[in-house]
2 protein chains.
Amino acid sequence: MGLEAAPGALEAEEIQARGFGRVREAHAAELLEDYAELIDDLVRDGGQARATEIARRLGVSHVTAVKAVARLEREGLAVSQPHRGVKLTEEGAALAAHARARHRLVLDLLLALGVPAEDAKADAEGIEHHVSPATLAAFARFLKGK
Amino acid sequence: MGLEAAPGALEAEEIQARGFGRVREAHAAELLEDYAELIDDLVRDGGQARATEIARRLGVSHVTAVKAVARLEREGLAVSQPHRGVKLTEEGAALAAHARARHRLVLDLLLALGVPAEDAKADAEGIEHHVSPATLAAFARFLKGK
DNA sequence: ATTTGCTTGTAGCCAAGGCTACATTAACCC
DNA sequence: GGGTTAATGTAGCCTTGGCTACAAGCAAAT
Ligand SMILES: [Mn+2]
Ligand SMILES: [Mn+2]
Ligand SMILES: [Mn+2]
Ligand SMILES: [Mn+2]
């Protein structure tokens, strides 16, 4: 195969590098999105979000959860008082709403394609963070038109 | 809403925690899969995979690429000689083949759903690592039956 | 055979996201 | 009120995956 300056080759490489870059960005944002969504869930149907419960839901130690909550606070997404649970700021709530809608749509698509519910839930938890607006729109079109 | 032992609630929380755990595992495996696939690509149509080229394709510094290649070697997936490029071991090649097939299927699904090619490529780069065998099978069924 | 320039290697730094072990504090029950 | 239990906080450690800056190596051209 021609190795020398195949037409469009440079461009293809750049697209690839951009793709990897987007994956790295998604991973950096991921933890914040998952925590925001989870805190919102817990507050919704329990009135409060305690560190230990967050940890249990995520399957991590309470120390890990506490450090992550500290990061949310640093980034202005949440506030917490000792022994009083965590609450989302307005910005955090907006992030949670956005994350939840996207997550829901991804899950619905998987279910519509016939993926068993348990697998669909587990996979959606990762996939949601890698779905661009364009892809999300395509998912929505498919679900509507099905 | 009832907070006390809603039926199936415990189970749902465990499923959620398992989902997050699977995401963490996927992320730990991700780098190895991407590197294996990329090295395989480069060897296929260039005869060799040099650290600098790997770095360029991934959009990272050469130091990052070199360290990652060292990790591949540590894990028995690749071998490299100084100034002679990187080669996959049998195990590495198997991983690359698996990753490539899955990646391809994910990309094809996105394209089939009408996602623009550039977005599809970028998103597939992240999504591929979160697709369980069950989901992959559902994607294949959809593509066949479409 | 030198120079020059890309490629590779090394040192040392950083933040994120995990963990265990131990200390402190709050809540609850008696 | 005191004791017990559970939640929270703190200290300190680890690995991963990034980076910059500088050193060394190789190859190609003059
Ligand atoms: Mn989510
Ligand atoms: Mn998630
Ligand atoms: Mn990938
Ligand atoms: Mn991911």
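General observations
- Every condition in (1) more than 11 Å from chain B (Cβ to nearest Cβ); (2) within 16 Å of DNA strand D (Cβ to nearest atom); (3) not charged (D, E, K, R) is met by A:Leu42 except one, and the failing one is (1).
- A:Ser80 vs. criteria surrounded by 16 or more Cβ atoms within 10 Å (Cβ to Cβ), in contact with a strand residue (DSSP E or B) (Cβ under 9 Å, 6 or more places away or on another chain) and farther than 23 Å from B:Glu14 by Cα: yes
- Cβ pairs under 7 Å, 6+ apart, first in the range B:92-120 and on the phi > 0 side of the Ramachandran plot, second of a type outside the set (D, E, K, R) and surrounded by 22 or more Cβ atoms within 10 Å (Cβ to Cβ): B:Gly114/A:Ala138
- Subset of the range B:79-107 (residues that are within 16 Å of DNA strand D (Cβ to nearest atom) and closer than 13 Å to B:Asp34 by Cα): B:Gly92, B:Leu95, B:Ala99
- Checking each residue in the range A:107-128 for being within 16 Å of ligand 3 (Cβ to nearest atom) and more than 22 Å from A:Lys144 (Cα to Cα) picks out only A:Gly126.
- Members of the range B:122-137 found to be at the interface with chain A (Cβ under 7 Å from one of its Cβ atoms), surrounded by 20 or more Cβ atoms within 10 Å (Cβ to Cβ), away from DNA strand C (no atom under 16 Å from the Cβ) and not acidic (Asp, Glu), listed by number: B:Ala122, B:Ile127, B:Val131, B:Thr135
- Any chance B:Glu13 is farther than 30 Å from A:Arg44 by Cα and outside any loop (DSSP other than H, G, I, E, B): no
- Total residues in the range A:108-136, condition hydrophobic (A, V, I, L, M, F, W, C), more than 15 Å from B:Leu109 (Cβ to Cβ) and within 16 Å of ligand 4 (Cβ to nearest atom): 1
- Residue within the range B:42-53 that is assigned to a helix (DSSP H, G or I), modelled with pLDDT of 95 or more and within 16 Å of ligand 3 (Cβ to nearest atom) present: yes
The values are calculated or read from the model by the stated rules, or taken from the named source; none is laboratory data. None of these values were measured; they are calculated from a predicted model. Please note: Cβ atoms are built from the backbone with ideal geometry, for glycine as well, and neighbour counts cover all protein chains shown.
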